[in-house]
Amino acid sequence: MKTYLLLIWIAAICLCVSGCSNYRELNQIGVIIGLGIDENKNSEEPYKVTYQIINPSGLSQGSSSGGQGLPVINYTVTAKSLVEALKKASVVIPREHITSHLSLIVVGEKLARNGLSLLFDALDRGKQARTSIPVFIARDGTAEKLLGVIEPFEVTPVKSILSTTQNNQKMYGIVSNVQAYEVISMLLSEGKDLSLPGININKPSQQSEEAGNLENTSPSAMQVKGLAMFRKGKLVRWLDGDEARSVQLVTSEVKSTALVFPCNINENITVTATGIKSEINTKIRRGQPFIHTDLNVMGEITETSCQKDLSNPKVLKELEKEVQNELQKEITKTISIAQKEKADIFGFGDSLSRTNPSYWRQHKQNWESLFSSAKVSMNVNVTIVNTGMRTNPYEVN
Amino acid sequence: MRQRYLLKSPNKEKTTACSATPLYDDVNKNIERLLNELGNSSDVSFRMVESPYQNTLKAAVIHLDGLADENIINENIMTPLIQWLKESNQVVTVEKTEEQIPQILTVSQLTIKENWHEFVSAVLTGDTVVLMNGSSKIFIGNTKKLQSRAVTEPTSQTVVRGPKDSFTENLRTNTSLIRARIQDSNLRLDSMKIGSVTHTDIGIMYIQGNADERIVEEIKERLKEIKVDGVLESNYIEEFIRDDRTTIFPLLLNTERPDAVVGNLLEGRIAIIVQGTPFVLIAPAIFSQFFQSPEDYYQNYYIASFLRILRFGSFFLSMYASAIYLALITHHQGLIPNTLMVSLMAQRERVPFPAIVEMLVMELAFEMLREAGIRMPRAIGPAVSIVGALILGQAAVEAGFVSAAVVIIVAISAISNFTLPSTSIVNAARGFRFILIIVSAFIGLYGILLMTLCICLHISSLRSFGVPYFSPFAPFDFKEQKDTLVRFSLPSLLKKHQNK
Amino acid sequence: MTKIKIDGFQLFCMMFIFILGSTLLLDIGKAAKQDAWIVPFLATIFGCALYLVYISLYKRYPNMPLTGYLIKIWGKYVGSAISFCYIIYFVYIASRVLRDFEELLISSSYYVTSIITLGICMTFVLIYSIHLGIEAFARVTCLCFVVILLTLFILNVLYVVGGYIKVENLQPVLANGWGNIGKELVPLGITVPFGELITFTMLLPYLNKKSQAATIGLSAIIIGGIVLTINSIILLCVLGPETVLRSSFPALTAVSYINIASFIQRLDTFILILMVILGFVKISIYFFCAVIGATDLFRMKPSVTNIYLIGGVIFFSSLMIAPSYQAHINEGLKVVPYLLHLPFHIAIPILLLITAYIKQKIKPTLS
């Protein structure tokens, strides 16, 4: 009996020794869901960091005592480093803030132009936040302003950025979500350069940061605009529209998109691509790298404004050829832009490191110049599987 | 119930000294002495009958009113006795009467004894004793009739499909229910009396050849060593004879259903029946048995397997639901998914208490409700359940005392408690639930994991009469797995018992 | 001692979980980059060979633990001295593993709690398990085996379903040649985790069916090795070789990537469960060996006081052996393998076997 009493006593002591040190009530913590990093003019404190914190009372709609305020609150501090900013933010944030629910990072354009370098080291090394969160670039503006836009659709601005970009990737394919660990591995790698999605506000106004935005039928909203091209961690150029999409086509990140090409003067046919797969082949011929891309697209005709006999397979074959040509032109244009900027955002170097490792080991230091003078060939294969619910368009008489 | 019944009784030596005392020759003296010993209890009734021809030929018929069956006394003892006394017109010696009486009394069981102790205990158990004047022999006729309940539906372990009779408080009824189901000559019934004041009948039933002889001997040994004043319920026996006296886990199964007992007997276990309670003990018992309900064998085996897995799952849920919830919202907020986090934060915003206090208060309130539900008179039952639901649920959440999530979690853990067929294991789960809640409030998930390891270690070290408690999981027996987590079809399960 | 018996299956579970140990979470052979999966694969083969040495020693003295037949083979003084060294070695490694797990816990979830608390709680559970004896512990390891298999299976299925496996991370195979692999293999790959099976030479006397020792051991080693190799492959595919090299806790990093349908996310709990179970089993086995060795060498009965004392020593030394996590890792990679593992795991058993063999040869010629 005595040993059992002793055991209980010791167990009680050992529980008390722990002192509930890790015990935090939910209403004592401030949950940070979004992080915005901007450049600060002050060289002593080069970072201006914005934290977006959930406001729980703004979320509890429907309970009797009602909620007050908006669902999120932003706090901005300036600091020498990111971790210092986190600690410094305690001067304004009323609760103990934790980063375990951090869902996205927005980097201001100016900071990106200066170079990302080891910006993500704090995230990589930290214990709380995860590295599987997407990173965006705030185009023509600051991350601070961007994180302040409250849209009526989604509960928090962070959620609206995430769902807008995911929606875009699914339906149009200009950009794709890049997660922080992929950013780090692209910055590490000698064979692939970074490309990040850019977002901005489509109708910048004073009201976009206020509840007034919620009561507008055409509010200011988050907009996906362009793909940022990086070279050695510094932003060099923006790609827009079709150019950006070509990058995603080559790296096989597009799920579905609309390809428009002219069939007559001022008349277009739209093909919705449903299955897109691309393969990159690299080889070394006579000491020079040769890059070849195979692109397979499966699509259906979803809109046309010219009268063509779409029930005829031969006509479809001609249309396929035209789409192929269009695509080839677009992609070649984008690749030559990338070659001019000496930024291999497609990952051809990575592919080369796998197919010819010894050549890669010798020449990886000057892959930039090799890439800009490399020969790129392309093979696009388009298959139009059906024409929707109708075969021929209705004739206008 | 006073504490006295649980102490070792000191008067056991006194009664043994009386056992050898013989009776007097004179009937009147015997009766006087009996009435003295029983303190002139008003339910001792006796009748003196005399022969009209010989006035030394007297007989006394003594029984306890209420315990003895009046009909049998009237028809099988009084009628033939009086008839014989009327007809004996010759002088008969004492020896002749001692010879004749067994042929006159037409009861089905007649024993002849000569000592005082047997006389008193026979009267006290409801038998009728016939005393002859001049003889020191007593004739004990079996007229026991105990007022007891009829065989009804079991109150604690009900099934949808299956037999709906349950044991009663009468030992003989219970043994008869088992005998009716096992009509085999190998079914053994050994009896003993335990309790120096109550002299409670205990019956041990087992199937010779199926049951392990060593365990039967062991059980009998342990039963003989029990020294108490009285045995009121089978739990008294259970706490004395089980292997490990300090554990919260039940080491013997108790059941109210005859079909469950019969099933266990066929598998080679031993049943201990106690007079005065419908709950029969089954030894040895292992952990997986407490999750088996006899209904598993009366339904389709797919459904039965699903329900068994559900029961195991709900056992763990009832222990861990509250503790894991508490650990997640206080120590490991990083483990809660994003969307859930937002809604939990909104709920906890206005609650003034710390999460651990909230959780403990809700759990204790539920336990109180449960106890109240057992003892409440039926008339106000519905009113209290409405009060409970309203107060504990709706109003508390609306007033902001507790958050809705806590109410849901406590309700889930309580409901999953009720799915288990055996109350003894349910009590173990309840006890551990509170310990786990406290541990999780201190150290979170790490504490819960370590406590789980401790519980598993504890369970693995238990033995029920030598059989490891955690088999067939721990000493892993592949063949036994057919009937633990899932139930294979009966033809494949019962094949091994065919050649007995 | 001979009254307690362990089943064959329980022995298998114990060895399997022991082999998985901390290597499952920390991934040995990281420096070989994308060929890191070859290291556990080759180490398994070495492990089998090493185990055969232990088994042949066991076959000669089936009822004595290592400390027993050390004395028998090498005489009283040398044998007891080396037995004593083994006991100290077991206590030291137990405290190393305890420190390992405390550090892992702190770096993953418990960043505010002090290391002392985590250590004390684990130590109490360990003392309770030793107190209940090896039978109860062996039964619990059967349960833990099932839990570990389930967890690993679920995690790997989630990796595959979520599309996180990028096979090109494994290419190009053997681009850097065998040099790196060789450097990883000797001395670290052979000794951890397969060399640590020396502890089972203390536990094998409890086995009830003596003839099964070889088959059970070899199957546990082979299956354990395969699981480690698969784990290594998956970590490399998910994270990429550079991240694996840079992380102090690759398994946790890999699990943090899983995000399926925005609902199945934040599965760190699984890793926590794995950690606690693996740590508990490994430290328990070392603790058992120390207690068995002490009671065998000093002819004592395993009383509660002894267990508490050895447990206390393990706990305190786990705090004192290294000032920081990096120093601890460094010691474990650079100092311990050469100084401790190689002699105790490989050199001494082989010398023992040779001595026993020579003695056997000499004896018939003498008599």
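Structure values in brief
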item	result
Residues within segment B:448-467 that are touching a residue at least 12 places away in the same chain (Cβ under 8 Å), facing chain C (nearest Cβ under 8 Å) and open to solvent by less than 10 Å² (accessible area, probe 1.4 Å), tallied	1
Given (1) more than 14 Å from chain B (Cβ to nearest Cβ); (2) without any contact (Cβ under 8 Å) to a residue 60 or more places away in the chain, number of the condition C:SER80 does not satisfy	(2)
Helices (runs of 4 or more DSSP H) (entirely within segment C:262-367) containing at least 3 residues that are over 30 Å from C:TYR110 (Cα atoms) and β-branched (Val, Ile, Thr)	C:268-297, C:348-366
Total residues in segment B:395-413, condition within 12 Å of chain A (Cβ to nearest Cβ) and either surrounded by 24 or more Cβ atoms within 10 Å (Cβ to Cβ) or not in a helix (DSSP H, G or I) (or both)	3
All positions within segment C:263-275 that are more than 7 Å from every other protein chain (Cβ to nearest Cβ) and either open to solvent by 40 Å² or more (accessible area, probe 1.4 Å) or more than 18 Å from C:MET122 (Cβ to Cβ) (or both)	C:ILE264, C:LEU267, C:PHE270
Matching residues, segment A:339-397, being outside any helix (DSSP H, G or I), over 30 Å from A:LYS314 (Cα atoms) and not aliphatic (A, V, I, L, M)	A:LYS342, A:ASP344, A:PHE346, A:GLY347, A:ASN356, A:SER373, A:LYS375
Unmet criterion (only one of (1) open to solvent by 50 Å² or more (accessible area, probe 1.4 Å); (2) over 14 Å from B:ALA414 (Cα atoms)) for B:GLU371	(2)
Boolean, C:GLY195 is over 30 Å from C:VAL157 (Cβ atoms), open to solvent by less than 40 Å² (accessible area, probe 1.4 Å) and at pLDDT 80 or above	yes
Tabulated pairs, segment C:2-25, first within 18 Å of C:PRO65 (Cα to Cα) and assigned to a loop (DSSP other than H, G, I, E, B), second among the charged types (D, E, K, R) and modelled with pLDDT under 80, C-beta under 9 angstrom, 6+ apart or interchain	none
Of residues in segment A:30-39 being more than 18 Å from A:VAL149 (Cβ to Cβ) and surrounded by 19 or more Cβ atoms within 10 Å (Cβ to Cβ), the one nearest to the other protein chains (Cβ to nearest Cβ)	A:VAL31
Output for segment A:116-130, where each listed residue is surrounded by 22 or more Cβ atoms within 10 Å (Cβ to Cβ) and either at the interface with chain C (Cβ under 10 Å from one of its Cβ atoms) or assigned to a loop (DSSP other than H, G, I, E, B) (or both)	A:LEU116, A:ALA129, A:ARG130
Helices (runs of 4 or more DSSP H) contained in segment C:36-146 and holding at least 1 residues open to solvent by less than 30 Å² (accessible area, probe 1.4 Å), out of contact with any strand residue (DSSP E or B) (no Cβ under 8 Å at 6 or more places or on another chain) and closer than 25 Å to C:SER219 by Cα	C:38-60, C:66-74, C:76-108
Answer residue from segment A:132-143, given it is buried (at least 19 other Cβ atoms within 10 Å of the Cβ) and not hydrophobic (A, V, I, L, M, F, W, C) and is modelled with the highest pLDDT among those	A:PRO134
Segment B:416-437, residues that are open to solvent by 30 Å² or more (accessible area, probe 1.4 Å) and touching a residue at least 40 places away in the same chain (Cβ under 8 Å)	B:THR419, B:PRO421, B:THR423, B:ASN427, B:ARG430, B:PHE434
Of the criteria (1) in a strand (DSSP E or B); (2) not assigned by TED's automatic domain parsing to the domain that holds A:VAL158, which one A:TRP9 fails	(1)
Any hit, segment A:337-355, residues being over 28 Å from the mean Cα position of the chain (by Cα) and open to solvent by 70 Å² or more (accessible area, probe 1.4 Å)	yes
Scan of segment C:154-169 for residues that are touching a Phe, Trp or Tyr at 6+ places or on another chain (Cβ under 8 Å) and crowded, with 19+ Cβ neighbours inside 10 Å, ordered by number	C:LEU155
Members of segment A:101-115 found to be of a type in the set (A, V, I, L, M) and in a loop (DSSP other than H, G, I, E, B), listed by number	A:LEU102
Boolean, A:TRP367 is open to solvent by less than 30 Å² (accessible area, probe 1.4 Å), within 14 Å of chain C (Cβ to nearest Cβ) and either of a type in the set (Phe, Trp, Tyr) or touching a His at 6+ places or on another chain (Cβ under 8 Å) (or both)	no
Residue list for segment B:226-261, restricted to those being of a type in the set (Ser, Thr, Tyr) and either within 19 Å of B:PRO278 (Cα to Cα) or in contact (Cβ under 8 Å) with a residue 40 or more places away in the chain (or both)	B:SER234, B:TYR236, B:THR247, B:THR255
Enumeration of residues in segment C:154-199 that are more than 11 Å from chain A (Cβ to nearest Cβ) and of a type in the set (Val, Ile, Thr)	C:ILE154, C:VAL157, C:VAL160, C:VAL161, C:ILE165, C:ILE181, C:VAL186, C:ILE190, C:THR191, C:VAL192, C:ILE198, C:THR199
Criterion (in contact (Cβ under 8 Å) with a residue 24 or more places away in the chain and outside the structural domain of A:LEU70 (by TED's automatic domain parsing)) met by exactly one of A:SER189, A:SER252, A:SER195	A:SER252
Residue match in segment B:121-133 (condition: open to solvent by less than 40 Å² (accessible area, probe 1.4 Å), without any contact (Cβ under 8 Å) to a residue 60 or more places away in the chain, closer than 15 Å to B:ILE62 by Cα and outside any strand (DSSP E or B))	yes
Among (1) crowded, with 19+ Cβ neighbours inside 10 Å; (2) closer than 30 Å to A:GLY148 by Cβ; (3) not hydroxyl-bearing (Ser, Thr, Tyr) - the single one A:GLU253 does not satisfy	(1)
Complete set of residues in segment B:297-311 that are of a type in the set (Phe, Trp, Tyr) and either within 27 Å of the chain's Cα centre (by Cα) or open to solvent by less than 60 Å² (accessible area, probe 1.4 Å) (or both)	B:TYR297, B:TYR298
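Quick grid of which residues meet (1) out of contact with any strand residue (DSSP E or B) (no Cβ under 6 Å at 6 or more places or on another chain); (2) surrounded by fewer than 15 Cβ atoms within 10 Å (Cβ to Cβ):
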{"residue": "A:GLU215", "(1), (2)": "yes, yes"}
{"residue": "A:LEU227", "(1), (2)": "no, no"}
{"residue": "A:LEU235", "(1), (2)": "no, no"}
{"residue": "A:GLY241", "(1), (2)": "yes, yes"}
{"residue": "A:SER246", "(1), (2)": "yes, no"}
{"residue": "A:ASN266", "(1), (2)": "yes, yes"}
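The values are calculated or read from the model by the stated rules, or taken from the named source; none is laboratory data. Nothing here was measured: the structure is a model prediction, and the numbers come from that model. Positions of Cβ are backbone-derived with ideal geometry, glycine not excepted, and every protein chain shown enters the neighbour counts. Ligands, DNA and RNA are stripped out before the accessible areas are found, and what is left, the full protein with its side chains, is counted by its heavy atoms. Shrake-Rupley method; radii C 1.70, N 1.55, O 1.52, S 1.80 Å.
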